[in-house]
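Right, one structure below, let's go through it.
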Amino acid sequence: MTKEELFEKNKIVLKKYIPENAVEEVCRLIFEYDFKLIVKKERKSKWGDFHAHPEKYNCPVITINKNLNPYAFLITLIHEIAHCKTYREFGNKVNAHGSEWKKNFQLLMHNFLNTEIFPIDVLFVLRKHMQNPSASANADIKLYKVLLHYDEWSLEKNLLEYLNDGDKFQYDGIVYQKIIKRRKKIECIQVSTGKKYLFSPVTEVEVLID
Ligand SMILES: [Zn+2]
């Protein structure tokens, strides 16, 4: 694969995880700092990490949790790229979250701190966070809270196909229960009447927790 083809391929994949206007610049950073990005299933203990010498690969590896919303994903990714940049410049001679990393994180984040990429409420808190970034974004309660807000809005989690069988949801003000997937449709029952309905798996619903 040529460099251009790889760049285009990376762009398509990244679009699923980060704000669209950030994709081009992140692709550039992947080439500049030459690392592998692995999107992992959710880990409760962390949002992402950086390995300078991973076992299986001959270049540094960054891993990010796939369940993060696009803004949390991007912030975590830039945090980890700053580790990669710092490693390329200083090796292991400096502290992981020391002044060299902070400076690099600020420098890399600079191109993303605008309303083309972040919603204004995230941007406001993020700008403050970047003045003296902590070792993890979720250690900054204000940033964590504003990001969490977008988790609840994250479309994917409200699609019928992501609900478990037996879960209740609301659609057009009516309460249904998801029963089972049949071919390309999902069978549900209207709770009040017991009548069966078939929904598309990508129907956006309001999840009900009782
Ligand atoms: Zn870190």
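Just a few scattered comments:
- The set of residues in the range 9-48 that are buried (at least 17 other Cβ atoms within 10 Å of the Cβ) and outside any helix (DSSP H, G or I) comprises Tyr17, Ile18, Pro19, Phe35, Leu37, Val39, Trp47, Gly48.
- Selection status of Cys59, in the same structural domain as Leu143 (by TED's automatic domain parsing), touching a Leu at 6+ places or on another chain (Cβ under 8 Å) and either in contact (Cβ under 8 Å) with a residue 60 or more places away in the chain or not polar (S, T, N, Q) (or both): no
- Among the candidates Lys44, Lys66, Lys85, residue that is within 14 Å of the ligand (Cβ to nearest atom) and either in the same structural domain as Lys128 (by TED's automatic domain parsing) or of a type in the set (A, V, I, L, M) (or both): Lys85
- So His51, is it more than 16 Å from the ligand (Cβ to nearest atom) and either within 25 Å of Lys41 (Cα to Cα) or over 17 Å from the mean Cα position of the chain (by Cα) (or both): no
- Flag for Asn67 being at pLDDT below 95 and not in a helix (DSSP H, G or I): yes
- Restricted to the range 30-40, and to residues there that are on the phi < 0 side of the Ramachandran plot and out of contact with any strand residue (DSSP E or B) (no Cβ under 7 Å at 6 or more places or on another chain), the residue that is nearest to the ligand (Cβ to nearest atom) is Tyr33.
- Pairs, first closer than 20 Å to Pro19 by Cβ in the range 118-136, second within 16 Å of the ligand (Cβ to nearest atom), C-beta under 6 Å, six or more apart: Val125/Leu143; His129/Asp140; His129/Leu143; Met130/Gln106; Met130/Met109; Pro133/Lys102; Pro133/Phe105
- Options Lys66, Lys102, Lys128, Lys56: the member that is surrounded by 15 or more Cβ atoms within 10 Å (Cβ to Cβ) and among the charged types (D, E, K, R): Lys102
Listed here are the residues, each with its yes/no results for (1) over 21 Å from the mean Cα position of the chain (by Cα); (2) among the small types (Gly, Ala, Ser); (3) part of a loop (DSSP other than H, G, I, E, B).
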position: Ile117; (1), (2), (3): no, no, yes
position: Leu126; (1), (2), (3): no, no, no
position: His129; (1), (2), (3): no, no, no
position: Lys142; (1), (2), (3): no, no, no
position: Leu148; (1), (2), (3): no, no, no
position: Asn164; (1), (2), (3): yes, no, yes
position: Tyr176; (1), (2), (3): yes, no, no
position: Ile179; (1), (2), (3): yes, no, no
position: Pro201; (1), (2), (3): yes, no, yes
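- Meets criteria (assigned by TED's automatic domain parsing to the domain that holds Ser136, aromatic (Phe, Trp, Tyr) and assigned to a loop (DSSP other than H, G, I, E, B)) for Phe73: no
The values are calculated or read from the model by the stated rules, or taken from the named source; none is laboratory data. Every value quoted in this text rests on a predicted model; they were computed, and no experiment measured them. Cβ: placed from backbone, ideal geometry, glycine included. Neighbour counts: every protein chain shown.
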